[in-house]
1. So is G54 modelled with pLDDT of 95 or more, part of a helix (DSSP H, G or I), loosely packed, with under 14 Cβ neighbours inside 10 Å and over 15 Å from the mean Cα position of the chain (by Cα) or not?
2. What number of residues within region 41-51 are assigned to a helix (DSSP H, G or I) and surrounded by 11 or more Cβ atoms within 10 Å (Cβ to Cβ)?
3. Kindly check whether there is at least one residue in region 67-84 that is among the aliphatic types (A, V, I, L, M), surrounded by 10 or more Cβ atoms within 10 Å (Cβ to Cβ) and either in a loop (DSSP other than H, G, I, E, B) or in contact with a Cys (Cβ under 9 Å, 6 or more places away or on another chain) (or both).
4. Of the residues that sit in region 27-40 and are touching a residue at least 12 places away in the same chain (Cβ under 8 Å), surrounded by fewer than 16 Cβ atoms within 10 Å (Cβ to Cβ) and closer than 18 Å to L63 by Cβ, which one is farthest from the chain's Cα centre (by Cα)?
Amino acid sequence: TEALLIDENSTDLKLRELILDGQRLCDAMKALGVFKDRELSLVRLAEETGDIAGTFESIHNSLKDERELNEKILTVLLYPLLLLSSAVIF
């Protein structure tokens, strides 16, 4: 976890440096290479409309919903695999 925190901090620092160097937020985010095109497009639009906070909240909610859906799908797929592997073992 410590390495993960250091990595996240270095990403934050790189983003901060790029913005302080004069890059737009969406361009700085794109330069990091960790954001999806959809997220970058939403941030670019937010910069033009001025609703950056609302956009980040929307992105957060979308990612949270996507993660929850992926977890449910994984759970649904794992149960039959467990049954199948139990049947093969016994």
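1. Working: modelled with pLDDT of 95 or more: yes; part of a helix (DSSP H, G or I): yes; loosely packed, with under 14 Cβ neighbours inside 10 Å: yes; over 15 Å from the mean Cα position of the chain (by Cα): yes.
For G54, the condition - modelled with pLDDT of 95 or more, part of a helix (DSSP H, G or I), loosely packed, with under 14 Cβ neighbours inside 10 Å and over 15 Å from the mean Cα position of the chain (by Cα) - is met.
2. Going through region 41-51, the residues assigned to a helix (DSSP H, G or I) turn out to be 41-49.
Add one more test, that the residue is surrounded by 11 or more Cβ atoms within 10 Å (Cβ to Cβ), and what stays is 41-47.
Qualifying residue count for the region: 7.
3. No, there is no match, as no residue in region 67-84 is among the aliphatic types (A, V, I, L, M), surrounded by 10 or more Cβ atoms within 10 Å (Cβ to Cβ) and either in a loop (DSSP other than H, G, I, E, B) or in contact with a Cys (Cβ under 9 Å, 6 or more places away or on another chain) (or both).
4. Residues of region 27-40 touching a residue at least 12 places away in the same chain (Cβ under 8 Å): 28-29, 31-32, 34, 39-40.
Next cut, surrounded by fewer than 16 Cβ atoms within 10 Å (Cβ to Cβ) only: 31-32, 34, 40.
Restricting the remaining residues to those that are closer than 18 Å to L63 by Cβ gives 32, 34, 40.
On the way: L32: 13, V34: 8, L40: 11 Å.
Filtering region 27-40 for residues that are touching a residue at least 12 places away in the same chain (Cβ under 8 Å), surrounded by fewer than 16 Cβ atoms within 10 Å (Cβ to Cβ) and closer than 18 Å to L63 by Cβ, the one farthest from the chain's Cα centre (by Cα) comes out as L32.
The values are calculated or read from the model by the stated rules, or taken from the named source; none is laboratory data. No experiment lies behind these values; they were computed from the predicted model shown. With ideal geometry, Cβ positions are generated from the backbone for all residues, glycine too; neighbour counts draw on all protein chains shown.
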